[in-house]
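The structure appears right after this line, and notes come after that.
Coordinate-derived values only; no laboratory data. Everything quoted here is computed from the prediction, not taken from an experiment. Glycine gets a Cβ as well: all are built from the backbone with ideal geometry, and neighbour counts include every protein chain shown.
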Amino acid sequence: MATQSLMRRLPPVSVMVASLVVLIMLILVIFAPLIAPMDPRDVASYSLMDMEIPPAFMEGGDPRFLLGTDNQGRDLVSVILFGLRISVVIGLGAVVFAAMLGVVLGLIAGFFGGVVDGIVMRIADIFVSFPTILVALLISGIARAQLSAETMLAWAPLVLIFSIAINEWVQYARTVRASTMVEIARDYVRAAKVIGLPSARIMGRHILPNIMSSVMVIATINLAGAILTEATLSFLGAGMPPTYPSLGTLIRIGNQFLFSGLWWIAVMPATVLVILVLAVNVIGDYLRDHFNPKLMAR
Amino acid sequence: MIRLFSVRLLQAILVMVAVTAIAFVMFRFVGDPVASMVREGATQAEKDAVRATLGLDKPVVVQFATFVGQVLTGDLGTSYRYQQPVTTLLLSRLPATLELVIVATVLALSLGIPLGVLCALKPNALLSRLTQSATLIGISMPTFVTGLLLILVFAVNLRWLPSSGRGDLVDIGVWQTGFLSLSGLKSLILPSITLALFQLTLIMRLVRSEMIDVLSSDYIRFAFARGLPRTYIYGRLALRNALMPVVTVTGLQIGQLIAFAIVTETVFQWPGMGLLFTNAVGYPDVPVLAAYLLFVGFLFVTINMIVDILYTFIDPRLRTR
């Protein structure tokens with residue numbers, strides 16, 4: 001009986017597989033410098049002698065290079081591991097930034113209501129009516145016009161995180177605002193107000209812990225989108241530079257060799273990207289259905 | 001009714017003013033318009049002269065008013081990169097984008113609606129199951145990866161279809177069309193499939209869930225009880241109501257469509273407005289960026305309003321509110 005009820009409580013196989021995939025990818029990302037056969041940034045570790053070798057499972061492959069090598073002789077496994085690292089870090093960064101912005105603004109809008117609420121939510125409406133990729137491309141163009149090439153190189157990850165988050169905060173703000181409006185009618189909030197606690201403390205210490213679960217669900221769903229947006233921007237040439245490539249940049253580079261028959265340079269990072277996004281999406285969908293049925297599918 | 005329209009109109013105008021203000025700030029403060037227009041090694045006096053002719057020495061409010069006036073007359077400045085009026089550039093790229101978007105939308109609607117209906121009526125049929133699982137993968141597949149794979153299979157390996165450009169074009173007045181030549185049509189296939197796929201997924205899922213909802217409603221059961229023919233019930237009575245939200249969502253998805261058109265055009269080097277925009281981001285060609293923002297803002301506002309108004313005509317219940 002015990003095992004049976006446990007079985008019923010376990011998520012479906014697809015979700016468990018997806019969680020395993022994400023877990024493995026996270027481990028790979030954290031320990032990338034230890035796991036990667038070589039350091040793609042260290043010119044001495046690779047040689048042009050090894051360039052354009054197909055994946056090991058194909059004819060002409062080399063067991064040293066499981067997924068083959070690129071046009072400079074770099075091992076694709078290592079390049080992808082480091083690229084995955086950059087993609088995940090930017091994706092997480094964008095989600096955290098968007099969540100912080102959205103939670104703070106949503107709390108304020110829901111808590112104070114009235115004019116404050118009106119202003120915040122109308123700004124949110126304007127942001128949400130423009131697609132993220134469009135806004136992010138615009139910001140990237142502006143940053144390029146304002147900053148020198150070297151500054152741009154150093155700031156690229158931050159510009160990316162900012163331009164993705166600036167559109168995504170709206171979802172958090174809307175949900176948090178709605179939940180806050182429910183919470184402020186509850187007794188514990190009224191009690192806190194009566195004893196004269198400052199508003200910031202009520203919002204941060206009392207309301208926030210009660211609405212955190214829906215924020216976490218949105219964050220998971222959002223992570224897949226953020227990683228995709230980053231990859232798209234980098235693919236379009238408005239993201240990470242080739243010197244610090246993310247998965248999107250790697251696909252962009254590989255795209256140039258598609259017609260020379262070197263398909264693996266683009267397809268291998270693309271496969272990793274799709275697997276990662278698919279896994280995160282599966283987990284996000286499951287969380288949405290189980291912890292917050294009120295959230296609509298996007 | 002009138003109140004509803006005027007509120008919508010006011011909102012639309014407000015959004016347009018906000019977008020115009022952002023575009024103005026970009027024109028005026030991002031990069032240095034003077035530096036991009038004078039010759040190399042110009043003296044301060046020459047720069048000042050250019051500054052005066054551009055009106056950049058006047059107060060910001062006056063400049064904004066002038067800017068709004070220029071925008072209203074269709075003057076969106078000169079591209080840094082092409083040294084051509086931005087309006088001319090945008091208009092010359094418009095046919096390419098419109099043809100791509102229209103073909104993709106027609107493709108998505110003509111496949112998405114029947115497949116959605118099929119999945120709703122016969123959920124256990126093989127084709128329904130295949131479509132259902134295909135949409136799951138379709139959602140996680142970024143547009144540029146889909147495009148890349150299509151190029152790899154149909155252009156690189158099979159060599160059936162071209163992977164970039166629009167092929168041979170035929171001039172019809174000011175409009176250059178790719179519809180009238182074989183190479184033009186062949187060039188259209190891969191980009192339009194790529195762009196259609198994401199819309200297709202959305203339309204299919206929507207039609208399916210709406211159809212399931214409608215089929216369980218009372219009037220459909222009465223129609224069956226009356227013994228009306230099945231094709232009439234499904235085709236006329238049910239589908240018509242199920243399609244209502246499709247109109248709204250297709251209209252509101254125009255933003256996403258523009259975003260995905262940018263990506264698709266870049267993957268296939270399709271010489272439309274999206275490619276112009278991505279190239280402008282890399283250059284960076286600020287007037288083109290600002291003009292594109294204005295154009296997209298205008299498009300959104302107009303389409304949102306049309307969808308809202310259309311909806312009140314389609315759905316009589318909304319008129320009384």
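Quick query: amide H of residue A:246 versus all other amide H atoms, modeled in the peptide plane; which residues come in under 5 Å with a sequence gap of 5 or more or a different chain?
Amide H neighbours of residue A:246, under 5 Å, 5+ apart: A:240.
For region A:119-130, just list the computed ³J(HN,Hα) in residue order, Karplus coefficients 6.51, -1.76 and 1.60, θ = phi - 60°, integers in Hz, with x standing in for Gly and Pro.
Result, ordered by residue: 4, 4, 6, 5, 4, 4, 4, 5, 4, 6, 6, 9 Hz.
Under 8 Å for C-alpha pairs, at least 6 residues apart: give me the relative contact order for region B:189-291, rounded to a whole percent.
25
Please list B:152-162, B:192-202 highest first by mean number of surrounding beta-carbon atoms within 10 Å per residue.
Packing proxy ranking, top to bottom: B:192-202, B:152-162.
Suppose we take every Cα in region B:177-311 and form the convex hull; what volume per residue is that in Å³?
Cα convex hull per residue, to the nearest whole number: 140 Å³.
Dipole size in debye (nearest 20) for region B:183-262 around its Cα centre, Lys and Arg Cβ +1, Asp and Glu Cβ -1? Can you show the working numbers first?
On the way: 8 positive and 3 negative charges, 54 e Å.
For region B:183-262, the charge dipole is close to 260 debye.
Report, in deg cm²/dmol and to the nearest 500, the calculated mean residue ellipticity at 222 nm for the protein assembly as shown, where each DSSP H run with n ≥ 4 adds -39500 (n - 2.57) and the sum is divided by the residue count.
Only helices count here, giving -23500 deg cm²/dmol.
Over the Cα atoms of region B:87-154, each weighted equally, I'd like the Debye log10 I(q)/I(0) at q = 0.23, 0.24, 0.26 Å⁻¹, rounded to two decimals.
-1.09, -1.11, -1.13
How would region B:49-97 be classified by its alpha-carbon gyration tensor: rounded, prolate or oblate, with rounded meaning a/c under 1.5 and the a/b versus b/c comparison settling the rest?
Oblate.
Can you tell me the relative contact order of chain B? Whole percent, Cα pairs under 8 Å, sequence separation 6 or more.
Answer for chain B is 26 percent.
Taking the Cβ of residue B:119 as the centre, find all other residues whose Cβ is under 14 Å away and add up their charges (Lys, Arg: +1; Asp, Glu: -1).
Neighbour charge sum, excluding residue B:119 itself: +2.
Please work out whether the protein assembly as shown counts as rounded, prolate or oblate from its C-alpha gyration tensor, where a ≥ b ≥ c are the square roots of the eigenvalues and a/c under 1.5 means rounded, while otherwise a/b larger than b/c means prolate and anything else oblate?
Rounded.
Per residue of region B:213-224, what does 6.51 cos²θ - 1.76 cosθ + 1.60 with θ = phi - 60° give for ³J(HN,Hα)? Whole Hz please, x for Gly and Pro, Karplus curve as stated.
Each residue's phi maps through the Karplus curve to give 4, 5, 5, 8, 8, 4, 5, 6, 4, 4, 4, 5 Hz.
Using the Kirkwood radius over C-alpha pairs as Rh, can you work out the diffusion coefficient of chain B via Stokes-Einstein at 37 °C, viscosity 0.692 mPa s, in µm² per second?
In µm²/s, the coefficient is 143.
Quick one: dipole size for the protein assembly as shown, taken about the Cα centre, charges +1 on Lys/Arg Cβ and -1 on Asp/Glu Cβ, in debye to the nearest 20.
2340
In Å, what is the Rg of the alpha-carbon atoms in region B:54-209, and how long is Dmax?
Using the Cα atoms of region B:54-209, the pair Rg, Dmax is 21.6, 71 Å.
Please list, in order along region A:250-263, the HN-Hα scalar couplings obtained from phi with the Karplus expression 6.51 cos²θ - 1.76 cosθ + 1.60 (θ = phi - 60°), rounded to whole Hz, x for Gly and Pro.
Using θ = phi - 60°, the values come out as 4, 5, 4, 4, x, 4, 5, 9, 4, 7, 8, x, 8, 4 Hz.
Which order do the peptides B:289-298, A:186-195, A:257-266 take when ranked by the mean count of other beta-carbon atoms within 10 Å per residue, highest first?
Ranked by mean Cβ neighbours within 10 Å, highest first: B:289-298, A:257-266, A:186-195.
Mind listing the long-range amide H neighbours of residue B:78? Cut-off is under 5 Å, sequence gap 5 or more, other chains count too, H placed in the peptide plane at 1.01 Å from N.
B:86
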